[in-house]
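Below you'll find the structure, written out as structure tokens, and then a few comments.
The values are calculated or read from the model by the stated rules, or taken from the named source; none is laboratory data. It should be emphasised that the depicted structure is a prediction, and the values quoted were computed from it without experimental measurement. Positions of Cβ are generated from backbone atoms using ideal geometry, with glycine treated the same way; all protein chains shown enter the neighbour counts. Just so you know, the surface numbers come from the protein's heavy atoms only, side chains and all, with ligands and any DNA or RNA stripped out. Shrake-Rupley method; radii C 1.70, N 1.55, O 1.52, S 1.80 Å.
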Amino acid sequence: MATFIDFINTLGLLHLTVGNVVMIIVGLTLVYLAIRYEMEPLLLLPIGITAVLVNLPLSHVANWPVAVNLPENVSDSIFKTITYMSEHYGEPGLFDLIYYLLIKTEVVPLLIFFGLGAMTDFGPMIADPKTALLGAAAQIGVFVAMLTALALGFNLHQSASIGIIGGADGPTTIYLTTKLAPEILAATAVAAYSYMSLVPLIQPPIIKALTSPEERKIRMEQLRPVSKREKILFPVITMIVIGLLVPSAAPLIGMLMIGNLFRESGVVERLSKAAQEELMNIVTIFLGLGVGSTMRAESFLTAQTLMILGLGVVAFASATAGGVLFGKLMMKLSGGRINPMIGAAGVSAVPMSARVVQRIAREEDPGNFILMHAMGPNVAGVIGTAVVAGVFLALLG
């Protein structure tokens, strides 16, 4: 009889809480959106299904808390951290190891930047350097969301992590949040990737509200050809300059530019292809599993989470508006030669925001082709968001 009672007590069903049920539904919703509507499926699918698994009681796949105030003599070593967590919270589950060894140590976010660099063509920005200013202007969304978060009662570290959502760069959001405010990692990551997939819905109304049909019809001159030498020098110079000016941004920018140098050098095509395909696939899996494992009922179902999701919309909307308004200024200064819509591509949702701009341009004028012009601020936004994250780390980290 005692054995039977012990067996009954091991049934997860008896330990299921309302919070677990809600998070299982949330996880299944992310899976549905990923499959049915293809909303960032490479990440929302593993995040969603992992959220379901970690909310099954007594599954023991994630036993350690995500945010822990570690003693100073422990936090400086991953090996000491693992030992400390094991002593205080028991044996780690699979997802604990993925999170603490690959996500919290920044290995996965940095490797994703390496792969992104190998996939990115900075040619449009090199051909027209002034479009990089639009990528910088779009970063206003980061500061608008950050200040709004502060006004709502979030602390400075949390506010900076929420603000970076406005950069529309998932890996940077995860990288910064892991360092500054790991307790809200699940919410910021889900917000960043969810709204990135909603860029085609969020941006058009804002772009159309801030521009006239005549402005949206503006055609831009064809970009000049960019030489191979320029493409090779760009990542090297960018890495050195930003590394010297903003050392905290060096890991992100460095990995991005190393990956890009692999692409543009033309002598390591096999490595470049591996970075774009095999490596990106592997680290994307670990990123999805690691982030999904943080979506546990006790830490995710809070009023803060709802506010963070709402602030994500504020961040994206203000980033888009900031880019478009600066684009209008550049249009005036250039005598009407710059289509202000390309400023909306300053958010670093590559290449979705650039495609949104191109689609709206063709709606107004079927013969207008500004995709490559929009790619300039689009890739500049990636650099801009990484630099802002580096500044936050330097000031707050």
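A few points about this structure:
- Total charge dipole magnitude, the range 186-295, about the Cα centre, Cβ charges on Lys, Arg, Asp, Glu only, Debye to nearest 20: 280 debye
- Extension gain from Ser265 to Leu245, taking 0.36 nm per residue of separation minus the Cα-Cα distance: 4.7 nm
- Stretchable slack from Leu11 to Leu333, in nm (0.36 nm times residue separation minus alpha-carbon distance): 109.0 nm
- Under the criterion of Cα pairs below 8 Å and six or more residues apart, the relative contact order for the chain equals 27 percent.
- Peptides 380-388, 176-184 ordered by average Cβ neighbours within 10 Å, highest first: 380-388, 176-184
- Counting lysine pairs in the chain that sit 8 or more residues apart in sequence, or on different chains, and whose Cα atoms lie under 22 Å apart gives 15.
- Size of charge dipole - the range 64-210 - debye, nearest 20, with Cβ of Lys, Arg +1 and Asp, Glu -1, no other charges: 460 debye
- Three-way shape label, the range 258-335, alpha-carbon gyration tensor, a/c 1.5: oblate
- Placing unit charges on each Cβ (+1 for Lys and Arg, -1 for Asp and Glu) gives the chain a dipole about its Cα centre, and among Leu33, Leu198, Gln358 the Cα reaching farthest toward its positive end belongs to Gln358.
- Pairwise centroid distance, computed over Cα atoms, of the range 181-202 with the range 239-264, Å: 25 Å
- The range 116-149 and the range 288-363 have Cα centres lying 11 Å from one another.
- Accessible-area composition of the chain, carbon plus sulfur, in percent [1.4 Å probe]: 67 percent
- The Asn281 and Lys208 beta-carbon pair, evaluated with R₀ = 35 Å, returns a calculated FRET efficiency of approximately 0.40.
- Listed residues Ala136, Ile98, Tyr175: farthest to the positive end of the dipole of the range 93-194 (Cβ charges): Ala136
- Loop-exposed chymotrypsin sites (Phe, Trp or Tyr not before Pro) per DSSP, neighbour cap 16 Cβ within 10 angstrom, longest uninterrupted part of the chain: 38-368
- Kyte-Doolittle mean at least 1.0, axial Cα span of 30 Å or more - DSSP H helices of the chain: 303-333, 371-396
- Residues Val22 and Val68, FRET efficiency given R0 of 41 Å [Cβ-Cβ distance, rounded to 0.05]: 0.95
- Working from label points 7 Å from Cα in the Cα-to-Cβ sense, the Ile237 to Ser86 distance is 5.0 nm.
- Label corresponding to semi-axes √(5λ) of the Cα gyration tensor in Å when calculated from the structure given, among [x] 39, 23, 19; [y] 47, 28, 16; [z] 33, 23, 19: [x]
- Projected onto their three principal axes, the Cα atoms of the range 292-352 cover extents of 56, 22, 10 Å, largest first.
- For the range 176-274, the spread of Cα coordinates along the three principal axes comes to 48, 45, 31 Å, biggest extent given first.
- Volume per residue for the range 60-108 equals 68 cubic angstrom (convex hull of Cα atoms).
- Ratio of Rg to Rh over the range 155-215 (Cα coordinates, Kirkwood Rh, two decimals): 1.14
- Assigned charges on the beta-carbon of Lys, Arg, Asp, Glu; the chain dipole about Cα centre (debye): 1280 debye
- Label-point separation in nm, Lys130 to Thr3, each point 7 Å along Cα→Cβ: 8.3 nm
- Accessible area (Å², per residue) of the chain, counting only protein heavy atoms and a probe of 1.4 Å: 44 Å²
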